[in-house]
1. For segment 158-311, state the average projected area of the convex hull of the C-alpha atoms over all orientations, rounded to one decimal in nm².
2. Show that you can apply the helix-only estimate: for the chain, add -39,500 (n - 2.57) for every DSSP H stretch of four or more residues, divide by all residues, and state [θ] at 222 nm to the nearest 500.
3. Where does the charge balance sit around Thr137 when Lys and Arg score +1, Asp and Glu -1, over other residues with C-beta under 9 Å from its C-beta?
4. Select from Ala85, Ala271, Ala20 the residue whose mean-square fluctuation is largest in a Gaussian network model of the chain (Cα-Cα springs shorter than 10 Å).
5. Using modelled amide H (1.01 Å from N, peptide plane; none on Pro or chain starts), what sits under 5 Å from the amide H of Asp304, excluding residues fewer than 5 places away?
6. Which residue, chosen from His47, Leu175, Trp151, occupies the Cα position most advanced towards the positive end of the dipole of segment 9-223, where the dipole is computed from +1 (Lys, Arg) and -1 (Asp, Glu) charges on Cβ about the Cα centre?
7. As I understand it, the value is the acute angle between the Cα axis of helix 275-292 and the longest principal axis of the Cα atoms of the chain; what does it come to in degrees, rounded to 10?
8. Any idea what angle helix 162-190 forms with the longest principal axis of the chain, computed on alpha-carbon atoms, 0 to 90 degrees, nearest 10?
Amino acid sequence: MIQSGPMREGSKKAIIAALAANSGIAVAKFVGFALTGASSMLAEAVHSVADSGNQALLLLGAARGKRAATPEHPFGYARERYFWAFVVAIVIFLLGGVFAIYEGVEKTLHPHPLESPLVAVSILVVAVVLEGYSFHTAIVEARKLRGDSSWWEFIRHTKAAELPVILLEDLGALLGLLLALCGVGLAVVTGNPRFDGIGSIAIGVLLTAIAAVLAIEMRSLLVGEAARPEVIETIRQTMLEDPRLQRVIHMKTMHLGPDELLIGVKAEFDAELAFAELAQAIDEVEHALRARVPAARVIYIEPDVFRGGEA
């Protein structure tokens, strides 16, 4: 089961580790590009700048998502975490993917020999080590939420916004660095600088694909996703444990944020309950739900009468 929860210290740790790694790597790559003129190095430098900005946006989203509800936004601001994660996907696409493809096409059509290729390779190897550390940190923290789900299921179905972004960013960064190494290496070995441009194009295609996956997942969360099936079943069973509640007629759920769940239920209660007893029963069911499902922040239970196939 995939767990969800607030922006824990672990998630924040993964973002800060990625921010520190990418900031240092970006500087090194720009120096490497200035010394070598390698287009794949420039593509990777811009990629690292974009990633650094993305981590800053994720931290911004986490901070803004903690704001208290207001009359204008009565359900709070938790969904800002999804919005800023969606912005991150757009940044990866524009600054990472599109720029890398453009630069690669330009250098493939107008190639020029690489200068100081050993410098480029050295910087890329160091970048692989730093990105590997960041990726390892993200994996360690994501495992705490992943449960027994596969990594793909975690990315597709988790209601948390930050860790899937960091995981795919770091994975894309590592694969991009390997592509850059291949491009520079082939350019040096064959004497054909077009391989450097081809490496840049490959990096751009990779980043565009990652951006598309993130954009699709974050769009779904922004529009509003229901709770996971196992969470819905826990809600249903918790309600039915109260002997005064005879039937769950209809139920809808929606995540207001990674750790904030809206629950709307029509339920049939014991018809013999007085009004005050019914109100007390609803209050106690809500209390039981919040104890069993901590994310259940907003709960609306409407007493109704079951009328056959209506549900």
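1. Its Cα hull, projected and averaged over all orientations, spans 11.8 nm².
2. About -22500 deg cm²/dmol.
3. Result for the local shell: -1.
4. Result for the chain, Cα springs under 10 Å: Ala271 fluctuates most.
5. Ala267, Glu268, Phe269
6. Of the options given, the answer is Trp151.
7. Its long axis makes an angle of about 30 degrees.
8. 20
A short reminder: the numbers here are calculations on the coordinates, not readings from a lab. Owing to the predicted nature of the structure, the values given are computational and were not obtained by experimental measurement. So basically every Cβ, Gly included, is an ideal-geometry build from the backbone, and we count neighbours across all protein chains shown.
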